[in-house]
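Scroll down for the structure; my scribbles are underneath it.
The values are calculated or read from the model by the stated rules, or taken from the named source; none is laboratory data. Note that the structure is a prediction, hence the values are computed from the model and not measured. Positions of Cβ are backbone-derived with ideal geometry, glycine not excepted, and every protein chain shown enters the neighbour counts.
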Amino acid sequence: MRRLTTVLAWIAAVAIIAGVGCSKGPETSSVKTVTVDPVKLKMFQPVAESVPSSTNQITEEKVSLGRMLYYEPRLSKSQEISCNSCHMLDKYGVDGQPTSDGHKGQKGDRNSPTVYNAAGHFVQFWDGRAADVEEQAKGPVMNPVEMAMPSEKQVLAVLKSMPEYVDAFKRAFPGEKDPISYENMAKAIGAFERKLVTPSRWDKFLRGDSQALTNEEKAGFNVYMETGCQACHAGTYIGGSMYQKLGLTKPYPDTSDPGREKVTKNEADLMVFKVPGLRNIAQTKPYYHNGKVATLEQAVSGMAEYQLGKNLDDGQVRSIITWLNALTGEIPAEYVKMPVLPRATSKTPKPDLE
């Protein structure tokens, strides 16, 4: 009996040394806590509840009208396409296609970027041809490939034909002699879009909650910084604040799209595009200006190669993507809920499928 007791004691001692049967002690002590240099975080800022404008005050009446107009397919020639057709608010502001379907099934030549957080970007469109979301809202409506409306006059005829819109414009733009205008349509949509922000765990971390990110996510951020991605993707929106040439250190193989040069006619702008923001990037594939990059792994490794001259291994790419996933915010479901749209009247222009 004494010998059995001795043997059992010996087994228990070995188990303790090996960590067998220990619930937390050795396992906890082996977990390495990852830290992030606070100095590096100074390049980033959390999002606010909205993006204010000095020329377009956000009011409840404008937002309510803008929400209706965002979902309104009768602002298109066929009366089948709305802003939400290409920028689906329940799918993080994209349609998941390389390029979107427009009038009569026509395809655009560039990927439709997410509308979430876009109001905070320094310009709009891949080539920066619109200064803000209000100006951007005017473009697709009369673009022949997109919504294809023939004129502002036709747009206003649609809006003025429905009493609910007449009243909504009066409430949104009080005191104006003729509140239903193309400019005011864009302002209402812009006011709605200025509140399309998606705070994430990254914002909690920036505000001081060190537990908001996992060790793996913090490690991924450190790899991101060590790689040099922050040279273009920093700030509140982790991008969206500058132009950059695609193929900065190594020529990009697809030069079919001239980029900003198409707008400026300046050779120095050849292959220059607005740097996209990375918020919700894990939810907004496919990637790049033409939507030809299918996965986030390809997007990250490609940016490192062509913009920074670095070849990342699979582990580095995975680590960066782990952090990028922490940038996924929550869709404001109630705010973006589709409203009941006004009923057409006998005066409402009919759809034109030609």
Here is a check on your reading of the model: is ILE238 surrounded by 19 or more Cβ atoms within 10 Å (Cβ to Cβ) and assigned to a loop (DSSP other than H, G, I, E, B)?
yes
Just need a number here: residues in region 53-67 that are surrounded by 12 or more Cβ atoms within 10 Å (Cβ to Cβ) and part of a loop (DSSP other than H, G, I, E, B).
4
Do you know which of the residues in region 68-88 that are polar (S, T, N, Q) and more than 16 Å from MET338 (Cα to Cα) is surrounded by the most Cβ atoms within 10 Å (Cβ to Cβ)?
SER76
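Please find, within region 137-152, the residue that is nearest to GLN57 (Cα to Cα) out of those that are crowded, with 18+ Cβ neighbours inside 10 Å and touching a residue at least 40 places away in the same chain (Cβ under 8 Å).
ALA137
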Tabulated pairs, region 284-311, first within 16 Å of SER112 (Cα to Cα) and assigned by TED's automatic domain parsing to the domain that holds THR227, second modelled with pLDDT under 95 and surrounded by 17 or more Cβ atoms within 10 Å (Cβ to Cβ), C-beta under 7 angstrom, 6+ apart or interchain
none
Condition set touching a Lys or Arg at 6+ places or on another chain (Cβ under 6 Å) and surrounded by 16 or more Cβ atoms within 10 Å (Cβ to Cβ), scope region 28-52, selection farthest from LYS187 (Cα to Cα): answer is VAL36
Please determine, by comparing only the residues of region 174-192 that are surrounded by 24 or more Cβ atoms within 10 Å (Cβ to Cβ) and hydrophobic (A, V, I, L, M, F, W, C), which one is nearest to ALA157 (Cα to Cα).
MET185
So GLY93 clears everything in (1) at positive phi; (2) surrounded by 16 or more Cβ atoms within 10 Å (Cβ to Cβ); (3) free of Cβ contacts under 8 Å to residues at least 60 places away in the same chain except one condition, right? Which one?
(3)
Check VAL158, VAL166, VAL115 and return the single one that is over 23 Å from the mean Cα position of the chain (by Cα) and either outside any helix (DSSP H, G or I) or surrounded by fewer than 19 Cβ atoms within 10 Å (Cβ to Cβ) (or both).
VAL166
Can you find even one residue in region 243-257 that is of a type outside the set (Val, Ile, Thr), under 19 Å from SER112 (Cβ atoms) and surrounded by fewer than 16 Cβ atoms within 10 Å (Cβ to Cβ)?
yes
Kindly check whether there is at least one residue in region 72-82 that is charged (D, E, K, R) and modelled with pLDDT under 95.
no
